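The values are calculated or read from the model by the stated rules, or taken from the named source; none is laboratory data. From a predicted model like this one, the values you see are computed outputs, not experimental measurements. Backbone-built Cβ (ideal geometry, glycine too); neighbour counts: all protein chains shown. Please note that ligands, DNA and RNA were not included when accessible areas were found on the heavy atoms of the full protein model with its side chains. Shrake-Rupley method; radii C 1.70, N 1.55, O 1.52, S 1.80 Å.
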Amino acid sequence: MGRSRCRICEVAIWFLCSSFTIFAGVEAIGVNYGLLGDNLPSPDKVISLYKSRGIQSLRLFNPDQNALHALKGSDISVILGTLNEDLQQLASSQSYAATWVQTNVAPFSGSVHFKCIDAGNEVIPGDLATYVLPAMQNLDAALNDAGYSIPVTTAVSTQVLGDSYPPSQGTFSDSASSYMAPIATFLESKGYPLLVNVYPYFSYTSDTKEVHLDYALFNAHQTVVLDGGVQYSNLFDAIVDSVYAALEKSGGPSVDVVVSETGWPSGGGAPGATVENAMIYNNNVVAHVKRGTPRRPGKELETYLFAMFNENQKPEGVEQHFGLYRPDMTEVYHVDFS
């Protein structure tokens, strides 16, 4: 999960003080299936719950074999992640990448629809960042050699952004740009998307006096930021469009953004972490993403809510309260996926 206090919060502070479509149609909204809990229901029950709610897309952070088996024949599309600790081997060994594909994709390819493979989650910038692109390239080659047409990408947090205000001036940070520019070029050349974890909640909590809650919750019914002739009334769009702007400046003008995580905590004792706010935010996300963003108007934005369950093995506090459901499969609050 992205914890960064993105500079996009400067959007509200400043204001107050002065194609290639892989993901589309009925699958615009998915839900992350996290496994960091010792009391979670079995994967077969989880997948049945997804189906009963009409949730047609799922993100799996690592190739958990039990979850993959439960997904067989479910008609649920899957973003499949690698373990971060596997990135170095995936980057350095084509044979390891081939084995990864044969172990985690091949046995399920006939009965599971893989939307894309996600090489690492939120490792840029950081010690593992240098391995991301070669891991992506090796996995892409391994998938092609095995006859699979599955996009390969990575998931980043908003820590990759340097400037983000106004959104049109979005750029990658000095610490991230040396990794993100070649990744953007690779994605552009292949027609693959970039996965981005977008959390207005953390921008809000970085300065609750200046970043208004209604702007973070999609409840501002007026323009908060005017970026040239472009109007922004919610922080979500401003963050996504700053990423689009950064991609355009880094060799990826046609790269689509997929919001691989977004959500709002329903508890944990931090500012704004209430059941009511979580319900408002996630229902507004579901209703909003079909419209696209001001930078890509009318282009449905593939988005994954975080997460299906409250997970008790995540750090104490709000991190344990992002679930739509409790481990006993009762709703924390209702989200309308229709």
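Within segment 288-297, can you find the residues that are under 17 Å from the mean Cα position of the chain (by Cα) and in a helix (DSSP H, G or I)?
Of the residues in segment 288-297, the ones under 17 Å from the mean Cα position of the chain (by Cα) are 288-290, 292-293.
Within segment 288-297, His288, Val289, Lys290 meet the criteria.
Applying the selection to segment 92-121, what residues are part of a strand (DSSP E or B) and open to solvent by less than 60 Å² (accessible area, probe 1.4 Å)? Give the steps one after another, and end with the answer.
Step one: filter segment 92-121 for residues part of a strand (DSSP E or B), giving 113-121.
Selection gives Phe114, Lys115, Cys116, Ile117, Asp118, Ala119, Gly120, Asn121.
Return the only residue of Thr262, Thr223, Thr274 being surrounded by fewer than 21 Cβ atoms within 10 Å (Cβ to Cβ) and under 22 Å from Tyr165 (Cα atoms).
Thr223
Can you give me the ranges of the helices (runs of 4 or more DSSP H) entirely in segment 165-268 with at least 2 residues that are β-branched (Val, Ile, Thr) and in contact with a strand residue (DSSP E or B) (Cβ under 8 Å, 6 or more places away or on another chain)?
Ranges flagged: 235-248.
Right, Val240: in contact with an Asp or Glu (Cβ under 8 Å, 6 or more places away or on another chain), at pLDDT 95 or above and buried (at least 20 other Cβ atoms within 10 Å of the Cβ) or not?
Details: in contact with an Asp or Glu (Cβ under 8 Å, 6 or more places away or on another chain): no; at pLDDT 95 or above: yes; buried (at least 20 other Cβ atoms within 10 Å of the Cβ): yes.
No; evaluated as a whole, the condition is false for this residue.
If I ask for residues that are crowded, with 21+ Cβ neighbours inside 10 Å and under 17 Å from Leu36 (Cβ atoms), which ones from segment 61-79 would you list?
Phe61, Ala67
For Leu139, all conditions in the list (1) more than 29 Å from Leu235 (Cβ to Cβ); (2) surrounded by 15 or more Cβ atoms within 10 Å (Cβ to Cβ); (3) at pLDDT below 95 hold save one; what is the number of the exception?
The failed condition is (3).
Hey, any hits in segment 94-116 for a residue that's under 20 Å from the mean Cα position of the chain (by Cα), hydroxyl-bearing (Ser, Thr, Tyr) and more than 30 Å from Gly317 (Cβ to Cβ)?
Looking through segment 94-116, none of the residues is under 20 Å from the mean Cα position of the chain (by Cα), hydroxyl-bearing (Ser, Thr, Tyr) and more than 30 Å from Gly317 (Cβ to Cβ).
Cβ-Cβ distance below 8 Å, separation of 6 or more or different chains: which pairs start in segment 306-329 with a residue that is at positive phi and open to solvent by 10 Å² or more (accessible area, probe 1.4 Å) and end on one that is assigned to a loop (DSSP other than H, G, I, E, B) and hydrophobic (A, V, I, L, M, F, W, C)?
Close Cβ pairs (under 8 Å, with a partner that is assigned to a loop (DSSP other than H, G, I, E, B) and hydrophobic (A, V, I, L, M, F, W, C)) amount to Gly317/Ala270.
Filter segment 122-159 down to the residues that are assigned to a helix (DSSP H, G or I) and small (Gly, Ala, Ser), then identify the one that is nearest to the chain's Cα centre (by Cα).
Result: Ala129.
Which of the residues belonging to segment 36-91 are out of contact with any Phe, Trp or Tyr (no Cβ under 8 Å at 6 or more places or on another chain), of a type in the set (S, T, N, Q) and assigned to a helix (DSSP H, G or I)?
If the condition is that a residue be out of contact with any Phe, Trp or Tyr (no Cβ under 8 Å at 6 or more places or on another chain), of a type in the set (S, T, N, Q) and assigned to a helix (DSSP H, G or I), then Ser48, Ser52, Gln65, Asn66, Asn84 are the ones that fit.
Those residues that are more than 16 Å from the chain's Cα centre (by Cα) and within 11 Å of Pro265 (Cβ to Cβ), I need them from segment 320-338; list them, please.
Of everything in segment 320-338, those that are more than 16 Å from the chain's Cα centre (by Cα) and within 11 Å of Pro265 (Cβ to Cβ) turn out to be Gln320, His321, Val332.
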